[in-house]
Amino acid sequence: MSFLGTCLYDRVMKASETACLSQWRESLLTEADGKVLEIGAGTGASIDSYPEKPSLELYLLEPDRHMRKKLVERLKGSGKNDVKVLDSAAEHIDAKNDFFDYVFVSLVCCSVDSPAGALKEIKRVLKPSGKLIFREHVAAQPGSDRRKWQDRLNGMWGFIAGNCHLNRETEKEITEAGFVIQTIQRESMP
């Protein structure tokens, strides 16, 4: 994402964070424990959503240098000193095989260069008993008016919003990567 986009990101997302995103994130992360990797940690909006558990080891992956700088600044003010920040891309996670108990992705699969590559890497670093937790925006139903608008705006939106693709079929990508979705909840973001 550009320097300007990073500067504006938190302001642009503030209304959605207040309306629903922070609450959804918190409810998704209640059971997270052990070694937890968040991919695309951005400016650190999720930091306070993680449960306070002594056994939780948090790793935040953010490849974008502008976002990562804001993330590190937010971490300094959070009082969480034991968090590890990684700078690798989602398609090339700098971690051993079967290392993490949980991997969390939030509004990330839309913007990675290769969703299949990122999900393959998540599968590699996630323990066989581990869980992928996700909160993503997805393509609307094919043929719907919303999907037609997503398709029309996709190129321009990707340029403005840091490679975000409005019409990615993220749920399909997740299952094609070999994950079994145990629970899914669909919501419209206000």
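The values are calculated or read from the model by the stated rules, or taken from the named source; none is laboratory data. For clarity, every value in this text was computed on a predicted model and none was experimentally measured. Note: ideal-geometry Cβ built from the backbone for every residue, glycine included; neighbour counts use all protein chains shown.
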Kindly provide the set of residues from the stretch 164-190 that are surrounded by 13 or more Cβ atoms within 10 Å (Cβ to Cβ) and in a loop (DSSP other than H, G, I, E, B), ordered by number. 164, 165, 166, 167, 168, 169, 177, 179
Would you confirm whether or not the stretch 93-105 contains a residue that is in contact with a Ser or Thr (Cβ under 7 Å, 6 or more places away or on another chain), small (Gly, Ala, Ser) and touching a residue at least 24 places away in the same chain (Cβ under 8 Å)? no
Subset of the stretch 28-42 (residues that are closer than 18 Å to residue 88 by Cβ and either in a loop (DSSP other than H, G, I, E, B) or among the basic types (Lys, Arg) (or both)): 35, 40, 41, 42
Output the number of residues of the stretch 127-136 satisfying the condition of being out of contact with any Asp or Glu (no Cβ under 7 Å at 6 or more places or on another chain) and surrounded by 15 or more Cβ atoms within 10 Å (Cβ to Cβ). 6
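Residue by residue through the stretch 94-117, note down the ones that are in contact with an Asp or Glu (Cβ under 6 Å, 6 or more places away or on another chain), assigned to a loop (DSSP other than H, G, I, E, B) and buried (at least 22 other Cβ atoms within 10 Å of the Cβ).
Of all residues in the stretch 94-117, those in contact with an Asp or Glu (Cβ under 6 Å, 6 or more places away or on another chain) come to 104, 109, 114-115, 117.
Those still in the list that are assigned to a loop (DSSP other than H, G, I, E, B) too: 109, 114.
Of everything in the stretch 94-117, just one residue is in contact with an Asp or Glu (Cβ under 6 Å, 6 or more places away or on another chain), assigned to a loop (DSSP other than H, G, I, E, B) and buried (at least 22 other Cβ atoms within 10 Å of the Cβ), namely 109.
Report, by residue number, each residue of the stretch 58-82 that is over 14 Å from residue 39 (Cβ atoms) and not in a helix (DSSP H, G or I).
So the first thing to find is which residues in the stretch 58-82 are over 14 Å from residue 39 (Cβ atoms), and the list is 65-66, 69-70, 72-82.
Scanning the stretch 58-82 gives 79, 80, 81, 82.
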Candidates 25, 68, 11, filtered to the one that is modelled with pLDDT under 90, touching a strand residue (DSSP E or B) at 6+ places or on another chain (Cβ under 8 Å) and either farther than 17 Å from residue 137 by Cα or crowded, with 20+ Cβ neighbours inside 10 Å (or both): 25
(1) modelled with pLDDT under 95; (2) out of contact with any helix residue (DSSP H, G or I) (no Cβ under 8 Å at 6 or more places or on another chain): which one isn't true of residue 139, the others all being true? (2)
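Any chance the stretch 85-105 includes a residue that's hydroxyl-bearing (Ser, Thr, Tyr), under 18 Å from residue 61 (Cβ atoms) and at pLDDT 90 or above? Talk me through it step by step, then tell me what you get.
First, pick out the residues of the stretch 85-105 that are hydroxyl-bearing (Ser, Thr, Tyr): 88, 102.
Checking which are under 18 Å from residue 61 (Cβ atoms) leaves us with 88, 102.
Those still in the list that are at pLDDT 90 or above too: 88, 102.
Looking through the stretch 85-105, at least one residue is hydroxyl-bearing (Ser, Thr, Tyr), under 18 Å from residue 61 (Cβ atoms) and at pLDDT 90 or above.
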Restricting attention to the stretch 39-60, which residues are buried (at least 19 other Cβ atoms within 10 Å of the Cβ) and not aliphatic (A, V, I, L, M)? 40, 42, 43, 44, 46, 49, 50, 59
If you go through the stretch 136-153 one residue at a time, do you hit one that is touching a residue at least 12 places away in the same chain (Cβ under 8 Å) and of a type in the set (S, T, N, Q)? yes
Give the number of residues within the stretch 127-145 that are within 15 Å of residue 179 (Cβ to Cβ) and of a type in the set (Gly, Ala, Ser). 2
